[in-house]
Amino acid sequence: MRWHRRPLVSLALGSLVVVACSGSVRLPGAIEGEVPPTTTAITPAAPTCTAANAALNPQRSYEPQGPLPSPENFPIDSTMAKIRTRGKLIVGVSGDTLLFGARNPLKNQIEGFDIDMLKEVAKAIFGPDGESNISYKVITYADRLPNLEAGPDNGGVDIVAHTMTINCNRWLRIAFSSTYFDAGQRVLVKKGSGFKNIDELNADKATVCAPEGSTNIDLLRRNEGNRFGQLVVLAKPDVTDCLVAMQQGEADGATGDDTVLAGLAAQDPNTEVVGDKFTDEPYGLGMGKDNVDFVRFVNTVIADMRTDGRWSAIYSKWLVGVLSDTVIDPPPAIYGREAP
Amino acid sequence: MPPAATTTTPPQPPPLSTQPPARRLTFTSTPARLSVLRAVFIVLAVVFAVVSAFGVNQRAKAIDHVSTASAQLLALQDIQVRIVHADAIASSSYLRSGQEDPAQRTAYLDEISKAGDGLVAVSAAAGAGDLAQLSEASRLLGSYVGLVEQARANNRQGFPVGATYQRQANSIISNADTDVPDIVSSLQTVEASQRSQVNHNLATAHRAGIWLHLSGWLLFISLAVGSWWLWRTFRRIVNIPIAVALLVLFLLLLIGGTTQAGAVSDADSAVGNQLSAADDAAQARAAAFEARSQEALTLINRGNGAANEVNWQRGDDVVRTELDIREPGDAGFQTDAGRAYNNYRIAHAEIRDLDNKGNWDAAVAVSLGEQLTASNADAVAAFDEFDKTVGQLATSEGANASARLSDAVSPMHTLRNLVVVVALLIGGLAALGCGQRLREYR
């Protein structure tokens, strides 16, 4: 910002009338260069499943081919070799999903079930100290697929572990590992609110929050069988925004996976998770659609974790006492998907 | 009965007057013209006294209003800087997790407290239009403090929901959504109003100068024409009282014009130089603190701070414009403030590079000053140096502007009183000059 200045006529005689009419220094009426014009990105319509695709089990992934290769023996052009050469496994995670992927402010580290799954993948690529080769990128729900579609060379990521449900529509854009966790959608309400399940919230025309880009909000919007037709749906960027919306009285409840809601309830003792699961949400690690070799590799890692106790150890570390009293069995792997 | 005697009264001659016959006082006679001229001189002198005093007073008041609006502007900018500084501290403290620096906490509370007090003070002197914006800013400041405390409490317990509260708090300070109110926008609206007040009053000060000159030169011309008429009518070379009146009036207009021009010139200069520099420095400082907050939020959002980086660039753009360091070779690079800010920019670029390459821990360490950049620069020290330099600049230039505006007003009060006294003196002299000629007829 610059203030404009005009020469001042100051001689007394010469100023007879001129002084009175001369220009003055001017302050600008507004600050310049403050607010750039806003732009609206045009988002292409997401592809949708055909009836034939939808009939197949979306949990089918690419079958591992043989035992896990040692880090030194990756095929030269493989995705794993490229990651190893780069020296970083770039991962997309949640930064605020307590228990699954959240920044621990006391340690300044991201931790949780999803993070430990990724650490095992990194170890398989880089060796026992591989977790130090992870480059974390905290992303929102809506950013998960775009980051995988962009890929690590274009600002995206190699792999996403972000409580992401495997479904047919997402398979059209990315690839999934075999299911590594079985979650289900429930609802979080304020203690003493009297709501016992999503149907009571619907009957009361309550406001329910869900993260934009999640299967949870998709379900509410699809409103199959008019089960959620009375609900006022409040979309927020992330799941913790929903907890804040409840705390600030903007929402009566929040819907989400039981895994996620357990993390929210742990942060606010005045809330509780109620009702039965009303959906199945099988979680998979997301990868680039064309990186079939990487998907097979990750499936091998998960398969080994199922059998050698590492999966159970991670479950015990994060979820025993929260989602169940004891360690449960890992979900079985389902394969059979044909490579494109 | 004898007839009644009749008496007759002889006609009386008209009484003889001992006085000479009275002359008819018409406008065509010289004495009548002299009387009218004397009356005109007196009336014009009184008009000059009233009108010029009014004009000088108007100019003094206008400059005084410039001073008041400038003081309000500087006070508002001080409040804005304190609030964005507090937010920068809060954001950085959040990044430090449980290792909150007590000194930083104290600084945060101090800035919030002073900003709150400042809002009360500027509200007391604000007009109705600005009061609504200031009330909104006060309300938002209360909400902001609440959200920061929520963020802090959650953060100290290790709850990630704290980051959401911190983001919300930051958006109350400033956001790009014109539909969502924020403190900085409210304050900037009032600041714009005060700038407009400065401009308006400065223009009024310029215009007010005409009254002294119009009425003064009208009187001068009247005296000169009257003097010429007296010379032609009475064949006297000089009417001394009127000549003295003309000389005194000329000197008054010379001194008054110079004083008035000097006052408005000082006001122009104070606004165009000192106040402008203080305004630029304050805007640069506020924008830099906003950018610093966004840097911390970018790191809090770990690898997903693209939106915050856009906001950082928004603040950076304002700072570079105000400091004139947009392009290599710009003059601002030769100033202490320009150099210090450029050092911070280089450190920020390295912080983003580290974060973008996945070296988040190092990025945080560099941002918090716990680690030097690759070029051995300390990001915190560089920013603090910039803040110190620009802060001192804003304070000293603001004080200079206030002092100069105050100095500009003082002589105007003396001039106003002088004009009234001298105008009456001129009226008296002119009347005396006419009276001398008039007495010759008696």
Centroid-to-centroid separation of the stretch A:264-340 and the stretch B:413-440 [C-alpha atoms, Å]: 103
Accessible area buried between chains B and A, both sides summed, probe 1.4 Å, in Å² to nearest 100: 4900
Within the protein assembly as shown, helix-based [θ] at 222 nm, where runs of 4 or more DSSP H residues each add -39,500 (n - 2.57), nearest 500: -19500 deg cm²/dmol
A:D204 versus B:T178: modelled label distance in nm, points set 7 Å from Cα along the beta carbon direction: 4.0
At least 15 Å along the helix axis (C-alpha) and Kyte average at least -0.5, DSSP helices within chain A: A:113-126, A:292-308
Apportionment of accessible area to carbon and sulfur, chain B, percent (1.4 Å): 59
Chain B: DSSP helices with Cα axial extent of at least 18 Å and average Kyte-Doolittle hydropathy no lower than -0.5: B:30-95, B:102-124, B:128-156, B:161-173, B:183-208, B:210-234, B:240-269, B:276-300, B:379-439
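Take peptide A:230-240, look around each residue's Cβ out to 10 angstrom, count Cβ atoms belonging to other protein chains, and average those counts.
Working: counts 0, 0, 0, 0, 0, 0, 1, 2, 5, 3, 9.
Neighbouring Cβ atoms belonging to other protein chains average 2 per residue here.
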P(r) histogram, all alpha-carbon pairs of the stretch B:168-273 included - 10 Å bins from 0, percent: 12, 24, 17, 15, 12, 8, 6, 4, 1, 0
Accessible area of the stretch A:122-257 belonging to carbon and sulfur atoms, whole % at 1.4 Å probe: 43
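Taking beta carbons within 10 Å but only from partner chains, what does the mean come to for residues B:200-206?
Working: counts 2, 1, 5, 4, 1, 2, 8.
Mean inter-chain Cβ contacts per residue within 10 Å come to 3.
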Threshold 20 Å² - residues in the stretch B:154-174 whose accessible area is reduced by that much or more when the chain is no longer isolated, probe 1.4 Å: B:N155, B:G158, B:F159, B:P160, B:V161, B:T164, B:Y165, B:R167, B:Q168
Candidates B:A125, B:A45, B:A399, ranked by Gaussian network fluctuation over chain B, Cα under 10 Å, top entry: B:A125
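Using the beta-carbon distance between A:K196 and A:V327 and R0 = 30 Å, what value does 1/(1 + (r/R0)^6) give for FRET efficiency, to the nearest 0.05? Numbers along the way, then the final one.
On the way: r = 29 Å, r/R0 = 0.95.
That gives a FRET efficiency of 0.60.
Once you've got the Cα coordinates, tell me which of A:K236/B:K357; B:K61/B:K114; A:K82/A:K119; A:K107/A:K277; A:K191/A:K277; A:K205/A:K236 are over 23 Å apart.
Working: A:K236/B:K357 28 Å; B:K61/B:K114 30 Å; A:K82/A:K119 18 Å; A:K107/A:K277 33 Å; A:K191/A:K277 19 Å; A:K205/A:K236 19 Å.
Listed pairs above 23 Å: A:K236/B:K357; B:K61/B:K114; A:K107/A:K277.
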Pairwise centroid distance, computed over Cα atoms, of the stretch B:147-177 with the stretch B:245-294, Å: 42
Charge-dipole axis of chain A as Lys and Arg at +1 and Asp and Glu at -1 on Cβ define it, positive-most pick from A:V320, A:A55, A:Q109: A:Q109
Potential extension, B:A128-B:R439 segment - 0.36 nm per residue separation minus Cα distance: 105.7 nm
Rounded accessible area of A:R103 (nearest 10 Å², 1.4 Å probe): 20
More than 13 angstrom apart: percent of Cα pairs within the stretch B:388-442: 73
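If you take the Cα atoms of the stretch A:41-180, find Rg, then find the Kirkwood Rh from the mean of 1/r over all pairs, what is Rg/Rh? Before the final figure, lay out each step's value.
Details: Rg = 16.0 Å, Rh = 16.3 Å.
Rg/Rh: 0.98.
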Solvent-accessible area per residue for the stretch A:165-210 (1.4 angstrom probe, square angstrom): 33
Residue-normalised accessible area of the stretch B:358-436, given per residue in Å² at a 1.4 Å probe: 43
Local electrostatic count at B:L147 - Lys and Arg +1, Asp and Glu -1, tallied over other residues with Cβ under 12 Å: 0
Ranked packing of B:107-118, A:228-239, B:328-339, most packed first, by mean Cβ within 10 Å: A:228-239, B:107-118, B:328-339
Estimated dipole of chain A in Debye, rounded to 20 [Cβ of Lys and Arg +1, of Asp and Glu -1, Cα centre]: 1220
Per-residue SASA entry for B:S375, accessible area with 1.4 Å probe, Å² rounded to 10: 80
Cα Rg, Dmax, the protein assembly as shown, angstrom units: 41.9, 186
For chain B: span of alpha carbons on each principal axis (Å, largest first): 152, 66, 32
Computed over chain B: relative contact order in percent, which uses C-alpha pairs under 8 Å that are six or more apart: 26
Mean Cβ count within 10 Å, highest first, over the residues of peptides B:126-136, A:245-255: A:245-255, B:126-136
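What percent does the relative contact order of the stretch A:249-340 come to when contacts are Cα pairs within less than 8 Å and at least six residues apart?
Numbers: 33 pairs, mean separation 20.9, N = 92.
Relative contact order here is 23 percent.
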Residue with peak Gaussian network fluctuation, chain B [Cα springs, cutoff 10 Å], from B:S402, B:S222, B:S138: B:S222
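Could you sort A:S132, B:S92 by accessible area so the largest value comes first, with the probe set to 1.4 Å?
Working: A:S132 85, B:S92 20 Å².
If we order A:S132, B:S92 from most to least accessible, we get A:S132, B:S92.
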Dimensionless Rg over Rh [the stretch B:302-365; C-alpha; Kirkwood]: 1.04
Of B:A176, B:A49, B:A261, the one that fluctuates the most in a GNM where chain B has Cα springs shorter than 10 Å: B:A176
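Between B:A403 and B:F250, 0.36 nm times their residue separation minus their Cα-Cα distance comes to what?
52.0 nm
Quick one: divide the alpha-carbon radius of gyration of chain A by 2.2 N^0.38 Å and tell me what you get.
Details: Rg = 26.7 Å, N = 340, 2.2 N^0.38 = 20.2 Å.
So chain A has a normalised radius of gyration of 1.33.
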Shielded by partner chains, the stretch B:324-366 residues - at least 40 Å² of accessible area, 1.4 Å probe, vs chain alone: B:G358, B:W360
For q = 0.14, 0.15 Å⁻¹, Debye-computed log10 I/I(0) when each Cα of the stretch A:185-340 counts as one equal scatterer: -0.80, -0.88
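The values are calculated or read from the model by the stated rules, or taken from the named source; none is laboratory data. Because the structure is a prediction, the values reported are computed rather than measured. No Cβ is skipped: glycine too gets one built from the backbone with ideal geometry, and neighbour counts run over all protein chains shown. The accessibility values were calculated without ligands, DNA or RNA, using every heavy atom of the protein model including side chains. Shrake-Rupley method; radii C 1.70, N 1.55, O 1.52, S 1.80 Å.
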